[in-house]
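Input: a single structure, listed below in structure tokens.
The values are calculated or read from the model by the stated rules, or taken from the named source; none is laboratory data. What you see is a predicted model, and the numbers here were worked out from it, not measured in a lab. For neighbour counting, all protein chains shown are included, and Cβ atoms are generated from backbone atoms with ideal geometry for every residue, glycine included. For accessibility, only protein heavy atoms count, side chains too; no ligands or nucleic acids. Shrake-Rupley method; radii C 1.70, N 1.55, O 1.52, S 1.80 Å.
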Amino acid sequence: MRTAIRALAITAAAALTVTGLAACSSGSSGSSGDSKTLTYWASNQGTSLQNDKEVLTPVLKKFTKETGIKVDLQVIGWNDLQTKIQTAVTSGQGPDVVNIGNTWATSLQATGAFQEYGDAEMKAIGGADKFGKVALSTGGAPGETVTSVPLYGLAYGLYYNKKMLADAGITPPTTWEDMVADAKKLTKGDTYGFSLAGGSYTENSHFAFINSAQNGGEWFDKDGKPTFTSKANVDGIKRYLDLMQDAKVANPSNAQYDNATQSTTDFAKKKAAFILNQNNANATIESLGMKSSEYGVVALPAPTGGEQIASFPAGINLSIFKNTKNKDGALKFVKYMTDMDTQTTLDKPYSALPVLAEAADSVTDEQTKTFLDIYNNKAKPLPLVPAEDQFESTVGKAMNDMFAQIATGSKVSEADIKSALQTAQDQVSQANG
């Protein structure tokens, strides 16, 4: 559990250093006195870090041409981004503007290290009304002034290979039970019904949340204290693990997949009939040679009688470090990145869902409509508490370990799951006093 413990330690340290951040003179990388340069940490949205640079560079050059402000772009992979941000929070040595996974918004807001988008700041970036209501709700804790605004919208969907299903006489499933039965029919030889990112703590924690939500479960109480060991949570995780354990519709080697690109590659290479992924998987799938006409997407089905939760409103938000030396320039940059023209330019290569209210109304593509319906109508927000990131790291890592046990032939029982969740809950409780 070293990864989880390290994350908790960093978060705890961040909480202790909040009071010194505002006065920190060394500040951000853009604080060299050059008000004409901003440092921007972008998350990996494309098929590679290099692909992101190719997509973003002309967009950023246009911003420089319009404003005279240069942008020092650094694209950071998902395995490193959260740790780099937390380190920047504690040290005061960060960028001016940063992409964050919107599930981290409340945790990062609680550090006090990020600029609030109050009335003046929100007006400077074009007003709160330009964003969709669900998208803007991901900016921070309920009732508090947001410290991040939406940039790219994402939702999970069940991708399926049209030909594989048609050849087996199967239509896209509408219940979890049907989905598992279909996946069993489609598991033959080296081809599996599913490919899973069983070694990715972020993916695992996301599906722990979604499967629990279908059971009506919660991970924190109204006071923000962890309630990890509930029956709804245990049963939800067991249902997901059983895709590999009991149903045997996922290759045991998936336990070593530490990012969703690996499972997406299996799908694109016709080694799996189904994957659960966010809509930005399209770029990777098609870059590997699978045509858009060869696959479809439906909402992840719930068990019979379960709640119709298929995702959370996922995506990428933009935050400004409070100690930037160029707040005005940073706000201009956020306004530019969330303007309609820029959004239209970036949503296509990143297969992102529109976060602007105006853009959502103009969607005509059926697959994008499916994802938007999931995002707006079948999504439940991840816990809006400061310890949400700790939930992801502890529960996700515990699931990594459980998938590894299954892959080596061990049986993971409900009691084992509850014990692992108790350990994770204890870690989070101790870290938060």
Legend entry - Sole exception among (1) in a loop (DSSP other than H, G, I, E, B); (2) more than 26 Å from K322 (Cβ to Cβ) for Q45, by number: (2)
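Just give me the residues in the stretch 300-324 being surrounded by fewer than 20 Cβ atoms within 10 Å (Cβ to Cβ) and in contact (Cβ under 8 Å) with a residue 24 or more places away in the chain, in sequence order.
Within the stretch 300-324, P303, T304, G306, E307, Q308 qualify.
What are the residues in the stretch 200-219 that are in a loop (DSSP other than H, G, I, E, B) and either open to solvent by 20 Å² or more (accessible area, probe 1.4 Å) or of a type in the set (V, I, T) (or both), if any?
Once the filter is applied, which keeps residues that are in a loop (DSSP other than H, G, I, E, B) and either open to solvent by 20 Å² or more (accessible area, probe 1.4 Å) or of a type in the set (V, I, T) (or both), the stretch 200-219 yields N215, G216, E218.
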Legend entry - Members of the stretch 243-271 found to be free of Cβ contacts under 8 Å to residues at least 24 places away in the same chain and not in a helix (DSSP H, G or I), listed by number: D246, K269
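Evaluate the following for T83: is it open to solvent by less than 20 Å² (accessible area, probe 1.4 Å), assigned to a helix (DSSP H, G or I), farther than 16 Å from K322 by Cα and in contact (Cβ under 8 Å) with a residue 60 or more places away in the chain?
Against the criterion (open to solvent by less than 20 Å² (accessible area, probe 1.4 Å), assigned to a helix (DSSP H, G or I), farther than 16 Å from K322 by Cα and in contact (Cβ under 8 Å) with a residue 60 or more places away in the chain), T83 does not qualify.
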Legend entry - Filtered residues of the stretch 341-391 (kept if of a type in the set (V, I, T) and over 19 Å from the mean Cα position of the chain (by Cα)): T342, T344, T345, V363, T364
Inset, instruction - Could you tell me whether any residue of the stretch 165-186 is in contact (Cβ under 8 Å) with a residue 12 or more places away in the chain, closer than 15 Å to A272 by Cα and under 22 Å from the mean Cα position of the chain (by Cα)? - result: no
Inset, instruction - Would you be able to say whether some residue in the stretch 273-288 is in a helix (DSSP H, G or I), more than 22 Å from P303 (Cβ to Cβ) and free of Cβ contacts under 8 Å to residues at least 40 places away in the same chain? - result: yes
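Scan the stretch 372-389 and give yes if some residue there is closer than 18 Å to Y159 by Cα, assigned to a helix (DSSP H, G or I) and either charged (D, E, K, R) or open to solvent by 40 Å² or more (accessible area, probe 1.4 Å) (or both), otherwise no.
Keep residues of the stretch 372-389 that are closer than 18 Å to Y159 by Cα, which gives 372-375, 378-379.
Add one more test, that the residue is assigned to a helix (DSSP H, G or I), and what stays is 372-375.
Subsequent filtering for residues that are either charged (D, E, K, R) or open to solvent by 40 Å² or more (accessible area, probe 1.4 Å) (or both) retains 373.
Yes, that holds for at least one residue.
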Inset, instruction - Identify all residues within the stretch 251-268 that are over 20 Å from S48 (Cβ atoms) and surrounded by fewer than 18 Cβ atoms within 10 Å (Cβ to Cβ); write none if there are none. - result: P252, S253, Q256
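The rows are residues; the columns are (1) among the β-branched types (V, I, T); (2) more than 27 Å from Q45 (Cβ to Cβ); (3) assigned to a loop (DSSP other than H, G, I, E, B); (4) touching a Cys at 6+ places or on another chain (Cβ under 7 Å).
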position	(1), (2), (3), (4)
A141	no, no, yes, no
G153	no, no, no, no
L158	no, no, no, no
T174	yes, yes, yes, no
Legend entry - Members of the stretch 147-163 that are surrounded by 22 or more Cβ atoms within 10 Å (Cβ to Cβ) and within 18 Å of the chain's Cα centre (by Cα): T147, S148, V149, P150, L151, Y152, G153, L154, A155, Y156, G157, Y159
Inset, instruction - Quick one: which residue in A124, A113, A181, A166 is farther than 21 Å from Q45 by Cβ, open to solvent by 30 Å² or more (accessible area, probe 1.4 Å), touching a helix residue (DSSP H, G or I) at 6+ places or on another chain (Cβ under 6 Å) and of a type in the set (A, V, I, L, M, F, W, C)? - result: A124
Legend entry - Qualifying positions in the stretch 306-340 - of a type in the set (V, I, T) and either more than 21 Å from the chain's Cα centre (by Cα) or outside any loop (DSSP other than H, G, I, E, B) (or both): I316, I320, T324, V334
Inset, instruction - Please find, among K238, K271, K222, the residue that is open to solvent by 40 Å² or more (accessible area, probe 1.4 Å) and either under 14 Å from G199 (Cβ atoms) or modelled with pLDDT of 95 or more (or both). - result: K271
Inset, instruction - Among the numbered conditions (1) open to solvent by 10 Å² or more (accessible area, probe 1.4 Å); (2) touching a strand residue (DSSP E or B) at 6+ places or on another chain (Cβ under 7 Å); (3) not small (G, A, S), tell me where K62 comes up short. - result: (2)
